[in-house]
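Undergrad: Can you keep this structure in mind? I'll have questions shortly.
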Amino acid sequence: MPCRTIAVANQKGGTGKTATTLSLGIALAHRGKRVLLVDTDPQGDLTKSLGWADPDSLETTIANHLGAVIEGEGTDPREGILSHKEGIDLMPANIELAGMEMPVLMAMSREQLLNVWVSPLKGDYDFILFDCAPTLGIIPVNAFVASDSVLIPVSVEYLPASAMVGLLNTIGRVRRQINPTLSVEGILLTLFDSRNNLAHEVEQTIRDQYGSAYRVFDTVIPRAVSAAEAPSVGASIFAYDGRGKVASAFERLAEEVVCRG
Ligand SMILES: Nc1ncnc2c1ncn2[C@@H]1O[C@H](COP(=O)(O)OP(=O)(O)OP(=O)(O)O)[C@@H](O)[C@H]1O
Ligand SMILES: [Mg+2]
């Protein structure tokens, strides 16, 4: 099976990108898939959520690899990949990535750097997922160039605002100018609380507005206290509350993602 690379992105903050990257990644590993997660957010939330509590102490992160690509150094792209006990690999990130923004912007082929780094790794994995920061800057654009598709987590706690328009425009621009095969993997509704009327309203609006042009996943990720607690103790939702509704929702999401393949 050829490797599928997916960017998990939305420039709106707090929509569940990091939780989705982590939990979908582990659910894919439960299905026997070889999975690499790539943290591309200088906050290092994905890295922390997987238990590396102090990302700034890590010697090699994605920032080093971007630097090596810019300098044309022939370093091993696998250097610094961490393996997690739940069966996935992680390329971590830390605050050093924030300092790479300018060198990346100044580099030759500045949109291709992540792609250059990740391409040789595709033979080792069935899925590579990029957790994007909440911006439409040059690093998320690099993730779109390196990806087959973009998975868009959308919180049902807010009426879908212009954020989606900006994101879909950026995806369209990348497709037209650089990566013609880039697609939208799907829109994922997150932080769903069935007692909240707005949540039902937002779900319906998204399905009505976007459902004909894009896949809106049948699976909706519920809001749960356990899912809010898990990252702070560095545990996945499967380790923290494996029988809960959030864990089972991500198992269903993995099924939807695999089935499309
Ligand atoms: N299913 C859930 N139920 C309850 N809380 C959740 C759930 N998923 C994520 N959270 C919490 O909501 C917050 C935002 O989630 P997350 O960090 O995954 O979003 P994000 O889109 O990656 O944010 P950012 O834009 O800052 O990168 C976090 O505090 C997280 O712990
Ligand atoms: Mg995040």
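Results for (1) free of Cβ contacts under 8 Å to residues at least 40 places away in the same chain; (2) within 20 Å of Gly16 (Cα to Cα), shown as yes or no for each residue.
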| site | (1), (2) |
| --- | --- |
| Thr75 | yes, no |
| Ile95 | no, no |
| Met100 | yes, no |
| Val104 | yes, no |
| Leu121 | no, no |
| Ile128 | no, yes |
| Val145 | yes, no |
| Asp148 | no, no |
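Undergrad: Restricting attention to segment 17-38, report how many residues are crowded, with 24+ Cβ neighbours inside 10 Å and within 10 Å of ligand 1 (Cβ to nearest atom).
TA: Looking only at that region, the number is 6.
Undergrad: Could you list all residues from segment 50-62 that are crowded, with 17+ Cβ neighbours inside 10 Å and more than 16 Å from Leu97 (Cβ to Cβ)?
TA: Listed by number, the residues that qualify are Leu50, Gly51.
Undergrad: Which residue pairs have Cβ atoms closer than 8 Å, lie 6 or more positions apart in sequence or on different chains, and pair a first residue in segment 2-17 that is over 10 Å from Val154 (Cβ atoms) and outside any loop (DSSP other than H, G, I, E, B) with a second residue that is open to solvent by 10 Å² or more (accessible area, probe 1.4 Å) and away from ligand 1 (no atom under 13 Å from the Cβ)?
TA: From segment 2-17, the pairs are Arg4/Asp126; Arg4/Asp148; Arg4/Gly261; Thr5/Lys122; Thr5/Asp148; Ile6/Asp148.
Undergrad: A further question follows. Is there any pair linking a residue in segment 40-64 that is within 17 Å of Arg78 (Cβ to Cβ) and away from ligand 1 (no atom under 15 Å from the Cβ) to one that is of a type in the set (D, E, K, R) and assigned to a helix (DSSP H, G or I), with Cβ under 8 Å and at least six apart or on different chains, and which?
TA: Thr61/Glu96; Ala63/Glu96; Asn64/Glu96
Undergrad: Being among the polar types (S, T, N, Q) and under 22 Å from Val225 (Cβ atoms) is the filter here, so list the residues in segment 1-30 that pass it.
TA: Thr15, Thr18, Thr20, Thr21, Ser23
Undergrad: Checking the structure you have, find out if any residue of segment 140-162 is part of a helix (DSSP H, G or I), open to solvent by 10 Å² or more (accessible area, probe 1.4 Å), more than 18 Å from Cys3 (Cβ to Cβ) and within 16 Å of ligand 2 (Cβ to nearest atom).
TA: No, because not a single residue in segment 140-162 is part of a helix (DSSP H, G or I), open to solvent by 10 Å² or more (accessible area, probe 1.4 Å), more than 18 Å from Cys3 (Cβ to Cβ) and within 16 Å of ligand 2 (Cβ to nearest atom).
Undergrad: As an exercise: evaluate Met108 against (1) over 23 Å from Asp76 (Cβ atoms); (2) open to solvent by 10 Å² or more (accessible area, probe 1.4 Å) and give the number of the one condition it does not meet.
TA: Among (1) over 23 Å from Asp76 (Cβ atoms); (2) open to solvent by 10 Å² or more (accessible area, probe 1.4 Å), Met108 violates only (1).
Let's see how each residue does on (1) under 26 Å from Leu28 (Cβ atoms); (2) aromatic (Phe, Trp, Tyr):
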residue: Pro120; (1), (2): yes, no
residue: Phe127; (1), (2): yes, yes
residue: Phe130; (1), (2): yes, yes
residue: Val141; (1), (2): yes, no
residue: Val150; (1), (2): yes, no
residue: Met164; (1), (2): yes, no
residue: Ile178; (1), (2): no, no
residue: Asn196; (1), (2): no, no
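Undergrad: Please determine, by comparing only the residues of segment 120-137 that are away from ligand 2 (no atom under 16 Å from the Cβ) and crowded, with 18+ Cβ neighbours inside 10 Å, which one is nearest to Gly74 (Cα to Cα).
TA: Filtering segment 120-137 for residues that are away from ligand 2 (no atom under 16 Å from the Cβ) and crowded, with 18+ Cβ neighbours inside 10 Å, the one nearest to Gly74 (Cα to Cα) comes out as Leu121.
Undergrad: Has segment 54-61 got at least one residue that is in contact with a Ser or Thr (Cβ under 6 Å, 6 or more places away or on another chain), farther than 26 Å from Ile178 by Cα, within 16 Å of ligand 2 (Cβ to nearest atom) and not hydroxyl-bearing (Ser, Thr, Tyr)? Explain how you work it out, then say what you get.
TA: The initial filter retains those residues of segment 54-61 that are in contact with a Ser or Thr (Cβ under 6 Å, 6 or more places away or on another chain), namely 55.
Pick out the ones that are also farther than 26 Å from Ile178 by Cα and you get 55.
Narrowing further to those that are within 16 Å of ligand 2 (Cβ to nearest atom): 55.
After this cut, where a residue has to be not hydroxyl-bearing (Ser, Thr, Tyr) as well, the list is 55.
Within segment 54-61, one or more residues are in contact with a Ser or Thr (Cβ under 6 Å, 6 or more places away or on another chain), farther than 26 Å from Ile178 by Cα, within 16 Å of ligand 2 (Cβ to nearest atom) and not hydroxyl-bearing (Ser, Thr, Tyr).
Undergrad: Sticking with this one: Please work out which residue is nearest to Leu182 (Cα to Cα), limiting yourself to segment 1-19 and to residues that are in contact with an Asp or Glu (Cβ under 8 Å, 6 or more places away or on another chain) and within 10 Å of ligand 2 (Cβ to nearest atom).
TA: The extreme case among them is Val8.
The values are calculated or read from the model by the stated rules, or taken from the named source; none is laboratory data. Quick caveat, the model's predicted, so the values are computed rather than measured. So basically every Cβ, Gly included, is an ideal-geometry build from the backbone, and we count neighbours across all protein chains shown. Each accessible area value is taken on the protein alone, full model and side chains, heavy atoms only, with ligands, DNA and RNA left out. Shrake-Rupley method; radii C 1.70, N 1.55, O 1.52, S 1.80 Å.
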